[in-house]
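The next block holds one structure in the form of structure tokens; read it before the comments.
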Amino acid sequence: MSARGLIAYALKRLGFAVLMLVGVTIILFAIMRVAPGGPEAVLVGGEFSPETAARVRQRLGLDRPLVAQYAGWAGAALRGDLGRSFKTNDPVATLIVDRLGPTLQLTAGALLFAIAVAVPLGVLAAVRRGSVWDTVGSAVSLFGVSFPSFWLGIMLILLFSEGWHLLPPSGLSEYGREGDVTSRVRHAVLPTLTLGLIQMASFMRFTRSSLLEVLGQDYIRTARAKGLGSPRVIWRHALRNALIPVVTVVGLSLPTLVGGAVLTETVFAWPGIGRLAVGAVFERDYPVIMGVNVMVAAVVIVANLLTDLAYCVIDPRISYS
Amino acid sequence: MIGSAPSPTSGLGRLLRHRRGVLGGLAVMAMVVTGSLAPTLAPYSYSTQSLLQRLQPPSAAHWLGTDGFGRDVLSRTIWGSRVSLEIGLFATVLSLVVGTLVGSVAGYLGGAVDTTIMRAADVFLSVPALFLILIVVALFGASLINTALVIALVTWAPVARIVRSECLSLRGRDFVQAAHALGAGHARVLGRHVLVNALPVIVVQTSLLLGQTILIESGLSYLGLGAQPPLPSWGNMVVDGRQFLASAWWIATFPGLAIFVTVLGFNLFGDGLRDAFDPALYSESS
């Protein structure tokens, strides 16, 4: 694809991404306001009169017409102001930024771990089709999609923390040792493993099937017929082409990765975005729910866009014009 | 017949020879029977508490031990299968109906209808499912219907995609053209000719989807948004066990194992179905 074509395509997709994001905010806003009950019950607590409820709703701006509320929120959000938490009155943006680091660390670590294990295993399974490696590979991918992630996490805690006392069961680091790298790495091992193991399954399955497909192509036969050795054919000719669809799968896996982080963070008391979201939902902290979801949706949409663009840069045959 | 689906008898034969598929089918069947016969099979009540029997390890009296309230873990695991299977089944049916309907219309009609529908599916695919489910269930309440509805809301899009691509390839086939030439309307061609031939793909999706919906339900239960106590669900039993992990490993272990075996069963069975009924795969592996 020419550079101009690529830019035109990128702009078109960007426009669509913005529309999608607006769609997500409208759906979320509607869901929250249509739901029965409101934040006043959580904020006031116990018994309260209708007058008190009305006063609280007025203070939070919930008595205004829905469209006005949405317009107010969207206008402020465009200026970078995501509002303040109903519960703590902290700016939502600050709450999110504070928890972004741990979530990024967890998800990036899990993604890297999953790719590092899944791709070689997928390659081995495809190249040695029907061998022990193939069996191990299919077992790993099957188990990976069948494990409830929260239970896998708890079982890892049971073994490595409660049983063998090798690794800490929860938190980001020991209290007072937040800057200690060793402590942070030790705390990160189990959550990263939990999230990564679940992600690994689809990557490995995809690498295997994609490589198998490529290995059956004519140009691979040609390369072999030229007398090239097996490792060279696989690394130089097959793998480069086989990994293109794998890039897409990694990109598309982001929603599940982030969703999985919610459960993993809950199991390991990991102070990230997922736990912030769970807490906000239970407390009906509308601005925090909106902020977190818009941020997550934006990240996922942008990542999908980048994956698509990477796809046409890597593979010159693809044209979206 | 031109472009016909493989005959079901040969598919069934292949399924029965598919060892892992049969194994998965047996696991699924065992769970369904257990859930249906819970009142008869469970040795104790799922809710009767006994402080004297607290945190008993597995023994002859309590095969899977007792929990923090002295309740029998085996009986609760047996009853828990009901919640998981009911919600899983309900959500899967909903998701399949919507996904198949939307996907087949998009694939069969093509053009602007296809583009619009698939863009809408993209929106649902790009929002992290668990976030959306979490919000809806927390705000609207965790009833069986709400939970199943919202799980279906986030799982229909992948089904629609698969059914769409199947219908897209079927609509150009000779027998579909022939039906058109004979004067059949869109609804008839889609219902009688295209969808019937897309059935193998839909059946495979059903099994895989059941596994997925059960996993989502257990995750919600784990977050406290599933069946409400004292009614046991596998997810909330694992939460109960979390606090006793150091002293009573069995409370969290067995219900989790039940989820794992059930989901694995559905996945294995789904793989078996696919290998047995997908003509492309069948000819490749034979």
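Computed from the coordinates by the stated procedures, all read-outs in this text should not be read as laboratory data. Since this is a predicted model, take the numbers as computed values, not measurements. As a convention, Cβ positions derive from the backbone with ideal geometry for all residues, glycine included, and neighbour counts pool all protein chains shown.
For A:L82, the shell of other residues with beta-carbons less than 14 Å away shows a net charge of -1, using +1 for Lys and Arg and -1 for Asp and Glu. Other protein chain C-beta atoms within 10 Å of residue C-beta, averaged over B:236-246: 3. Summary value for region B:40-86: 38 percent relative contact order, contacts being C-alpha pairs under 8 angstrom separated by 6+ residues.
A simple spin-label model places pseudo-atoms 7 Å from Cα toward Cβ; at B:L26 and A:A71 they are separated by 6.7 nm.
Counting only alpha carbon atoms, the long axis of helix A:66-78 and the longest principal axis of chain A meet at about 60°.
Taking K and R as +1 and D and E as -1, what net charge do the other residues with C-beta under 14 Å from the C-beta of A:R59 add up to? Charge balance in the 14 Å sphere: +2. Computed on chain B, with alpha-carbon pairs under 8 angstrom and 6+ residues apart, the relative contact order is 28 percent. Summary value for chain A: 27 percent relative contact order, contacts being C-alpha pairs under 8 angstrom separated by 6+ residues.
Computed from Cα positions, the angle between helix A:3-34 and the longest principal axis of chain A comes to roughly 40 degrees. A simple spin-label model places the labels of B:T48 and B:V33 2.6 nm from each other, with each point 7 Å out along Cα-to-Cβ. Applying a length cut-off of 18 Å (Cα extent along the axis) and a mean Kyte-Doolittle floor of 0.5 to the DSSP H helices of chain B leaves B:19-36, B:73-109, B:111-126, B:144-170, B:195-222, B:250-277. Scaled against the 2.2 N^0.38 Å expected of a compact globular protein of N residues, the Cα radius of gyration of chain B reads 1.17.
Listing A:K87, A:K226, A:K12 from fewest to most neighbouring C-beta atoms within 10 Å gives A:K226, A:K12, A:K87. Rounded to the nearest Å, what's the spacing between the alpha carbon centres of region B:81-137 and region B:193-239? Just the number, please. Their Cα centres are 13 Å away from one another.
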